[in-house]
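Take a look at the structure below.
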Amino acid sequence: MPLGPPMKVTRARILLRGLACRCPNCGGGTLFAEGHLFRVNPSCPTCGLKFEKGEGTFLGPFALNYGVTAFGLVIPTVVLYATGRISSVTAFWICLAASIGGPLLLYRPSWGWWLMLYYFFLPDNLPANLNGRPEDDE
């Protein structure tokens, strides 16, 4: 039983493009508008892949950003305080810096991670991998 033509964009390529904050479809376009730190392009300037597919698209990157900040920065600091390895003042300042700086520093990577995860599990949804199927514009 034939499986169909091989994918043009492999999962490994999707991972690399997600980590680099590049378009998961073509790898040519950046996810962010030129000259702006926080403005996401609505679509890839090279191939036209829509990055924001509708209302609430920002929730995926937001959840990833929140999770990494909470579980990777804040909770370990609280554990260090609870075990007596750092003082309460030090823990407070680390948590404050992590809760403000973490989301700012992780904003851009979280968009790349979100698209990477989405297309890693659904690689057939990339236009380059449609293999003759019509593209779903929802």
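The values are calculated or read from the model by the stated rules, or taken from the named source; none is laboratory data. Values in this document were obtained by computation on a predicted structure and should not be read as measured data. Positions of Cβ are generated from backbone atoms using ideal geometry, with glycine treated the same way; all protein chains shown enter the neighbour counts.
Looking for something farther than 30 Å from K8 by Cα and either crowded, with 16+ Cβ neighbours inside 10 Å or in contact with a Ser or Thr (Cβ under 6 Å, 6 or more places away or on another chain) (or both) - is there at least one such residue anywhere in the stretch 102-114?
Within the stretch 102-114, one or more residues are farther than 30 Å from K8 by Cα and either crowded, with 16+ Cβ neighbours inside 10 Å or in contact with a Ser or Thr (Cβ under 6 Å, 6 or more places away or on another chain) (or both).
A70 fails exactly one of the following numbered conditions: (1) farther than 30 Å from S43 by Cβ; (2) touching a Phe, Trp or Tyr at 6+ places or on another chain (Cβ under 9 Å). What is the number of that condition?
Just one mismatch for A70, condition (2).
Mind checking which residues of the stretch 108-135 are touching a residue at least 40 places away in the same chain (Cβ under 8 Å), aliphatic (A, V, I, L, M) and not in a helix (DSSP H, G or I)?
Once the filter is applied, which keeps residues that are touching a residue at least 40 places away in the same chain (Cβ under 8 Å), aliphatic (A, V, I, L, M) and not in a helix (DSSP H, G or I), the stretch 108-135 yields only L126.
Please go through the stretch 48-69 and give me each residue that is hydrophobic (A, V, I, L, M, F, W, C) and either part of a helix (DSSP H, G or I) or over 21 Å from F121 (Cβ atoms) (or both), ordered by number.
L59, F62, A63, L64, V68
Within the stretch 74-87, can one find any residue that is more than 29 Å from M116 (Cα to Cα), in contact with a Leu (Cβ under 8 Å, 6 or more places away or on another chain) and either at pLDDT 95 or above or hydroxyl-bearing (S, T, Y) (or both)?
yes
Taking the stretch 16-28, which residues are buried (at least 17 other Cβ atoms within 10 Å of the Cβ) and either part of a loop (DSSP other than H, G, I, E, B) or of a type in the set (A, V, I, L, M, F, W, C) (or both)?
Within the stretch 16-28, C21, C23, P24, N25, C26, G27 meet the criteria.
Residues to consider are L31, L3, L37, L16; find the one that is on the phi < 0 side of the Ramachandran plot and at pLDDT 95 or above.
Being on the phi < 0 side of the Ramachandran plot and at pLDDT 95 or above holds for just one of L31, L3, L37, L16, which is L16.
Results for (1) among the β-branched types (V, I, T); (2) buried (at least 18 other Cβ atoms within 10 Å of the Cβ); (3) within 30 Å of M7 (Cβ to Cβ), shown as yes or no for each residue.
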position	(1), (2), (3)
G48	no, no, yes
P76	no, no, no
A91	no, yes, no
L117	no, no, yes
D124	no, no, yes
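Name the residues in the stretch 52-69 that are of a type outside the set (K, R) and either modelled with pLDDT under 90 or surrounded by fewer than 14 Cβ atoms within 10 Å (Cβ to Cβ) (or both), would you?
Answer for the stretch 52-69, where residues must be of a type outside the set (K, R) and either modelled with pLDDT under 90 or surrounded by fewer than 14 Cβ atoms within 10 Å (Cβ to Cβ) (or both): E52, G54, E55, G56, T57, F58, L59, A63, G67.
Within the stretch 70-107, count every residue that is in a helix (DSSP H, G or I) and either in contact (Cβ under 8 Å) with a residue 60 or more places away in the chain or among the small types (G, A, S) (or both).
Within the stretch 70-107, residues that are in a helix (DSSP H, G or I) and either in contact (Cβ under 8 Å) with a residue 60 or more places away in the chain or among the small types (G, A, S) (or both) number 11.
So which residues in the stretch 31-47 are without any contact (Cβ under 8 Å) to a residue 24 or more places away in the chain and either over 17 Å from L126 (Cβ atoms) or in a loop (DSSP other than H, G, I, E, B) (or both)?
Passing the criteria: A33, E34, G35, H36, R39, N41, P42, C44, P45, T46.
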